[in-house]
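Coordinate-derived values only; no laboratory data. Predicted, not measured: the structure shown is a model, and the values here were computed from it. Neighbour counts are summed over all protein chains in view; Cβ atoms, including those assigned to glycine, are modelled from backbone coordinates with ideal geometry.
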Amino acid sequence: MSSTKFIAILPQPTQPGDKIQISGRISEHAEEFSINFANEANEDPQSVTYRFNWDLAHQKLIEDNKEDDEWKNRKETEFDTFDGPEFALEFAFQDDGIYVYLVSEDGRNLVTHYEPQIDLQFIESVQVCGDVEKVTQLTFSYN
């Protein structure tokens, strides 16, 4: 995967009820991109609470977490609902995990639910990696 394109440090620790919405545009011949909720604010974190990896080339989602520089708890789901260069995703943090929604003018649709093995409060940054041309919006909503 390509290098990190965007890093934002969270203004406060993530808690159940919080939401992060991120929108952007992928590259013309994009194959994949990921949004990582890292426990460090550098380009190569050793610990990631949650990675949402959209493998466009193979039409699937890959979700996992990273501990001591090793990816663990991998979950793969077939997913082919990408229709254009723009994306808008909402990550809703709850007691039972992270809910991911596709956001559109018509509302939001649940994409996946992931139960991370690392506490949400350890997340320090949100990172966008891969075939993303630019991030157009990042919104934090705290409970």
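Assorted remarks:
- Condition check for GLU76: loosely packed, with under 15 Cβ neighbours inside 10 Å and over 17 Å from LEU138 (Cα atoms): yes
- For PHE87, the conditions (1) at positive phi; (2) buried (at least 17 other Cβ atoms within 10 Å of the Cβ) are fulfilled apart from (1).
- GLN21 touching a residue at least 40 places away in the same chain (Cβ under 8 Å) and exposed (fewer than 13 other Cβ atoms within 10 Å of the Cβ): no
- Residues located in the stretch 7-46, provided they are of a type in the set (A, V, I, L, M, F, W, C) and not in a loop (DSSP other than H, G, I, E, B): ILE7, ALA8, ILE9, ILE20, ILE22, ILE26, PHE33, ILE35, PHE37, ALA38
- Residues of the stretch 100-133 classified as in contact (Cβ under 8 Å) with a residue 40 or more places away in the chain, more than 17 Å from GLU43 (Cβ to Cβ) and assigned to a strand (DSSP E or B), total: 6
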